[in-house]
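Report on one structure; see the data block that follows.
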Amino acid sequence: MRQVILLESAPSSTLGNIIVVSGAFLILLILVKKFAWGMITNILDERANKINTDIDNAELARKKAEELAEKRETELAGSRAEATKIITTATETAETTKAKIAAEATEEAVRTKERAKAEIEQSKKEAIAGIKSDVADISVKIAEKLIGRSLDATAQSDLIDSYLEKLGE
């Protein structure tokens with residue numbers, strides 16, 4: 001019988017337990033809402049704000065990094081263009097200098113050649129003049145010895161000069 005009593009009292013105590021647990025749960029919900037819910041939502045809101053701020057800061061940092069990368073690329077392109085310009089200018093200057101030096105060397109060679117020709121011509125004239133003079137003197141002396149008398153040196157010199165000019169031509 002004892003078992004029967006437990007069975008009969010069990011449904012009323014189970015219902016009572018459900019009511020007590022439900023009441024305790026409702027009281028717990030009311031207390032959590034009144035005292036803790038505000039703090040929990042504040043903590044969650046602060047966390048959400050912090051995450052949003054961190055995301056915004058990360059986006060700003062990414063944009064700034066992109067801008068710096070673009071600026072660096074622009075400066076690098078400018079440096080490349082400037083280096084190319086410097087190389088081009090140096091090449092053009094070298095070519096101009098090369099042409100100028102070659103022209104000056106050619107002019108100097110022509111001047112040296114002309115000087116040498118002039119010196120050779122002058123030496124040739126001096127040699128011919130010296131030979132004419134020597135031939136005239138020798139011819140006069142030979143003629144004097146052959147003829148046995150003194151000839152007019154000036155007349156004889158003029159005669160020899162005319163013969164030598166004909167020979168030179």
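Assorted remarks:
- Qualifying position, being aliphatic (A, V, I, L, M), assigned to a helix (DSSP H, G or I), surrounded by 10 or more Cβ atoms within 10 Å (Cβ to Cβ) and modelled with pLDDT under 90, among 10, 65, 24, 58: 10
- Residue count for the stretch 54-73 satisfying the condition of being of a type in the set (Lys, Arg) and under 27 Å from the mean Cα position of the chain (by Cα): 2.
The values are calculated or read from the model by the stated rules, or taken from the named source; none is laboratory data. Bear in mind the structure is a predicted one, so any value in this text is a computation, not a measurement. Positions of Cβ are generated from backbone atoms using ideal geometry, with glycine treated the same way; all protein chains shown enter the neighbour counts.
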